[in-house]
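Reading through the structure tokens given below for one structure.
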Amino acid sequence: MAKKALLTGCTGQDGSYLTEFLLSKGYEVHGIIRRSSSINTRRLDHLLFDGQREKVKRITLYHGDMIDSSNLNRILEQSQPDEIYNLAAQSHVRVSFDLPEYSAEVDAVGVLRILDAIKEMGLKVKFYQASTSELFGKAIEIPQTETTPFYPRSPYAVAKLFAYWIVKNYREAYNLFACNGILFNHESPRRGETFVTRKVTRGIVNIISKKQGCLYLGNLEAKRDWGYAPEFVELMWQMLQARKPDDFVIGTGESHSVKEFVREAFSYAGLDWKKYVRVDKRYLRPTETDYLISDSTKARKLLGWSPKIKFHDLIKIMMDADMRAAGLKPVGEGDKILSKKFPDRWWKID
């Protein structure tokens with residue numbers, strides 16, 4: 001009998017890639033989506049429907065919300081999963097300053113609701129929590145490992161810190177198989193359009209297409225460790241296949257500034273970024289996270305993982321995908337990188 005996995009946040013970047021990956025492993029996938037007046041499954045439509053838009057019975061979807069305990073309990077009873085991947089979140093750091101209470105309800109208390117349901121229902125299930133490098137915030141040490149002290153710098157990060165510790169607490173108090181994946185930034189052509197990497201690549205395409213004249217951004221000096229999302233979701237699965245539950249830092253081990261990302265992306269398109277980029281104070285955070293870079297030694301040793309796609313490759317892959325989506329001819333280097341490094345890739349071409 002096929003294993004069953006329940007995914008919250010299945011319509012997001014990571015959720016869609018993880019759904020594809022689990023299906024490739026023969027899983028029966030159950031996903032929770034928020035109810036809205038418009039259809040929001042575009043990242044999953046290639047899996048949900050065949051060419052005639054008829055539903056394909058490979059995925060079961062439920063309407064649900066991380067702030068509704070009774071609903072979550074009912075979904076757990078109906079799906080009876082072997083593994084749970086909690087990817088749902090109010091995940092935009094800047095927005096969390098405007099929606100702090102909602103961010104806490106979803107990103108912090110929502111995790112507690114699921115863990116407590118697992119405990120109360122006596123489910124024999126493995127649980128993965130999508131944690132974040134934003135926990136390190138005002139970094140105490142460089143690079144950051146599993147033992148680096150946390151210093152969150154946003155309501156989003158503070159909420160995620162509660163989630164991190166409640167996972168550890170329930171693991172130790174109730175012997176649950178529960179893991180935290182402290183994932184550093186991971187991007188792809190499916191990244192949300194309000195996140196800086198997609199904002200840059202889509203902005204460049206719009207500039208080329210004469211749809212906008214310039215690109216407004218926030219802090220160009222912030223440094224991040226950027227990896228490729230499809231690789232990172234495989235690590236989520238690997239964590240739940242380990243002999244015992246644990247927490248892992250996942251990243252590339254390289255750090256680059258937003259300005260570097262901007263410069264390389266514009267250069268790839270044959271443009272001078274200085275002519276088009278403007279700093280807008282509206283996009284600055286009240287408290288900034290300046291320098292994040294991972295040390296994933298533990299994951300490399302215990303899980304045997306190392307990233308294939310790093311910063312320079314990532315930009316080319318994302319630029320090619322957005323150019324193609326806009327009807328422009330891609331440069332093609334990103335496609336060559338994917339074909340070379342992932343000849344048997346499980347995810348679909350974006």
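Observations, loosely collected:
- Helix-only CD estimate at 222 nm, as mean residue ellipticity for the chain, using -39500 (n - 2.57) per DSSP H run (n ≥ 4): -12000 deg cm²/dmol
- Angle between the chain longest axis and helix 311-325 axis [Cα atoms, degrees, rounded to 10]: 80 degrees
- Computed over neighbours whose Cβ is under 13 Å from that of Ala117, the net charge equals -1, Lys and Arg +1, Asp and Glu -1.
- Estimated FRET transfer efficiency when R0 is 25 angstrom, pair Leu284-His312 (beta carbons, to 0.05): 0.40
- For Val277, the residues 5 or more places off, or on other chains, whose built amide H falls under 5 Å of its own are Leu215.
- Computed from the C-beta positions of Ile140 and Phe49, the FRET efficiency with R₀ = 51 Å rounds to 0.60.
- Pairs from Lys124/Lys160; Lys126/Lys244; Lys3/Lys298 whose Cα-Cα separation, in the structure shown, is over 18 Å: Lys124/Lys160; Lys3/Lys298
- Three-way shape call for segment 252-350 based on the alpha-carbon gyration tensor, with the a/c threshold at 1.5: oblate
- Here's how it looks for Ile84: its modeled amide H is under 5 Å from those of Leu6, Lys126, Phe127, Tyr128, which are all 5 or more places away or on a different chain.
- Once backbone amide H atoms are built at 1.01 Å from N, Leu61 has Gly31 as its partners under 5 Å, excluding neighbours fewer than 5 places away on the same chain.
- Karplus-derived HN-Hα couplings along segment 63-78 (A = 6.51, B = -1.76, C = 1.60, θ = phi - 60°), whole Hz, x at Gly and Pro: 7, x, 8, 5, 9, 10, 4, 5, 5, 4, 4, 5, 5, 4, 5, 6
- As a calculated quantity, the FRET efficiency between Glu221 and Leu271 at R0 = 25 Å, using C-beta atoms, amounts to about 0.75.
- Helix 13-24 vs. the chain, principal-axis angle (Cα, 0 to 90°, nearest 10): 60 degrees
- Distance between the pseudo-spin-label points of Asn175 and Asp335 (7 Å out from Cα toward the beta carbon): 5.5 nm.
- Segment 122-201 and segment 283-298 have Cα centres separated by 12 Å.
- Taking θ as phi - 60° and the Karplus parameters 6.51, -1.76 and 1.60, the scalar couplings of segment 213-218 work out to x, 8, 10, 9, 10, x Hz in sequence order, x denoting glycine and proline.
- Across segment 192-207, coupling constants 3J(HN,Hα) worked out from phi with the 6.51/-1.76/1.60 Karplus curve, θ = phi - 60°, read x, 6, 8, 7, 4, 5, 5, 4, 6, 5, 5, x, 4, 4, 5, 5 Hz, and Gly and Pro carry x.
- Reachable lysines, given that their alpha-carbon falls under 19 Å from the alpha-carbon of Lys336 and they are not under 8 places away in the same chain: Lys308, Lys310, Lys316, Lys348
No lab work stands behind these numbers, since they all come straight from the coordinates. Keep in mind that this is a model prediction, so the values were computed, not measured. All Cβ positions, even for glycine, are placed from backbone atoms using ideal geometry, and neighbour counts span all protein chains on display.
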